[in-house]
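> A single structure is presented below for examination.
The values are calculated or read from the model by the stated rules, or taken from the named source; none is laboratory data. This is a predicted model, so every value here is computed, not measured. Glycine also receives a Cβ, built like all others from the backbone with ideal geometry; neighbour counts cover every protein chain displayed.
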Amino acid sequence: MRLGLVASLNRPGGNLTGTNLLLQAMEGKRLGLLHELVPAASPISVLVNPNSPYIETQLKDVEDAARAIGVPINVAKAGGEQEIHAVFRSLGQLRAQALLCTADAFFNGRREQLITLAAHYAIPTIYQARENVLAGGLMSYGTSLLDGYRQVGIYTGRILNGARPADLPVVQPTAFEFVINLLTAKALSLEVPPTLLAR
């Protein structure tokens, strides 16, 4: 709705509907989980794509969450491959203790680079999707991309069978995934608190 693509989530109107994965709306929750895992990290670094249409909302969510838990943040911006390398070099020099990689399509496409650099500089990092953790990242919190894609397929079938997009509400996620790679945690010498493991 913020981008003006639909009139409302329940009645999108026009010729558009779909699924909302809410990935950008979970930055505050991700920051809180990272803080639970690395409570001594201060400040927590936050990687954002300056070209993202969601950057203002993401930063506001992170800043609000940081204020609520009483931890300062350090915002780092990268909108290209070389900028990502530069950011990690800088974080390495600063001896960054934790990193929140915000949800962004560009960062999805740079998954291997981000995970490799986070491991090289030994920076505990939280990502938006389980796919990052399966590729060797430390942890993630977000909605299931697989379930979102499945829902897109269902809606495509309904529209091809005659349903009007304007009559199909934008689907909201109901299940969220919190994943921790214990091997990565061990490599970073992190003790995962029982409260996080229980979740």
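> Looking at segment 25-51 only, could you name the residues that are under 11 Å from Ala98 (Cβ atoms), within 14 Å of the chain's Cα centre (by Cα) and β-branched (Val, Ile, Thr)?
Answer for segment 25-51, where residues must be under 11 Å from Ala98 (Cβ atoms), within 14 Å of the chain's Cα centre (by Cα) and β-branched (Val, Ile, Thr): just Val46.
Here is a yes/no grid of residues against (1) under 28 Å from Leu197 (Cα atoms); (2) at pLDDT below 95; (3) out of contact with any Asp or Glu (no Cβ under 9 Å at 6 or more places or on another chain):
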position	(1), (2), (3)
Ser8	no, yes, yes
Ala25	yes, yes, no
Val48	yes, no, no
Ala96	yes, yes, yes
Ala103	yes, yes, no
Asn108	yes, yes, no
Glu112	yes, no, yes
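> Please find, among Ala65, Ala122, the residue that is under 23 Å from Ala185 (Cβ atoms), in contact (Cβ under 8 Å) with a residue 24 or more places away in the chain and part of a helix (DSSP H, G or I).
Working: Ala122 fails: part of a helix (DSSP H, G or I).
That would be Ala65, the only listed residue that is under 23 Å from Ala185 (Cβ atoms), in contact (Cβ under 8 Å) with a residue 24 or more places away in the chain and part of a helix (DSSP H, G or I).
> Of everything in segment 68-85, what is in a helix (DSSP H, G or I) and among the hydrophobic types (A, V, I, L, M, F, W, C)? Give them in sequence order. Steps first, please.
Residues of segment 68-85 in a helix (DSSP H, G or I): 68-69, 81-85.
Ala68, Ile69, Ile84 - these are the residues of segment 68-85 that are in a helix (DSSP H, G or I) and among the hydrophobic types (A, V, I, L, M, F, W, C).
> Residues being outside any helix (DSSP H, G or I), touching a residue at least 60 places away in the same chain (Cβ under 8 Å) and hydrophobic (A, V, I, L, M, F, W, C): count how many of those fall in segment 139-166.
Looking only at that region, the number is 1.
> Out of segment 33-46, which residues are surrounded by fewer than 16 Cβ atoms within 10 Å (Cβ to Cβ), out of contact with any strand residue (DSSP E or B) (no Cβ under 6 Å at 6 or more places or on another chain) and either under 15 Å from Val75 (Cβ atoms) or not aliphatic (A, V, I, L, M) (or both)? Walk me through how you get there before you give the answer.
Keep residues of segment 33-46 that are surrounded by fewer than 16 Cβ atoms within 10 Å (Cβ to Cβ), which gives 36, 39-40, 42-43.
Applying the additional criterion that residues be out of contact with any strand residue (DSSP E or B) (no Cβ under 6 Å at 6 or more places or on another chain) yields 36, 39-40, 42.
Of everything in segment 33-46, those that are surrounded by fewer than 16 Cβ atoms within 10 Å (Cβ to Cβ), out of contact with any strand residue (DSSP E or B) (no Cβ under 6 Å at 6 or more places or on another chain) and either under 15 Å from Val75 (Cβ atoms) or not aliphatic (A, V, I, L, M) (or both) turn out to be Glu36, Pro39, Ser42.
> Select, from Phe88, Phe178, the only residue that is assigned to a helix (DSSP H, G or I), surrounded by 13 or more Cβ atoms within 10 Å (Cβ to Cβ) and either of a type outside the set (Gly, Ala, Ser) or within 16 Å of the chain's Cα centre (by Cα) (or both). Walk me through how you get there before you give the answer.
Numbers: Phe178 fails: assigned to a helix (DSSP H, G or I).
Just one listed residue meets the conditions, Phe88.
> Another question, if that's okay. Could you tell me which residue of segment 92-123 is nearest to Thr57 (Cα to Cα), considering only residues that are more than 11 Å from the chain's Cα centre (by Cα) and buried (at least 21 other Cβ atoms within 10 Å of the Cβ)? Walk me through how you get there before you give the answer.
Taking segment 92-123 as the starting set, the residues that turn out to be more than 11 Å from the chain's Cα centre (by Cα) are 92-99, 106, 109-123.
Still in the running and buried (at least 21 other Cβ atoms within 10 Å of the Cβ): 96, 98-99, 114-115, 118, 123.
On the way: Ala96: 24, Ala98: 21, Leu99: 18, Leu114: 22, Ile115: 25, Ala118: 25, Ile123: 25 Å.
Within segment 92-123, the match that is nearest to Thr57 (Cα to Cα) is Leu99.
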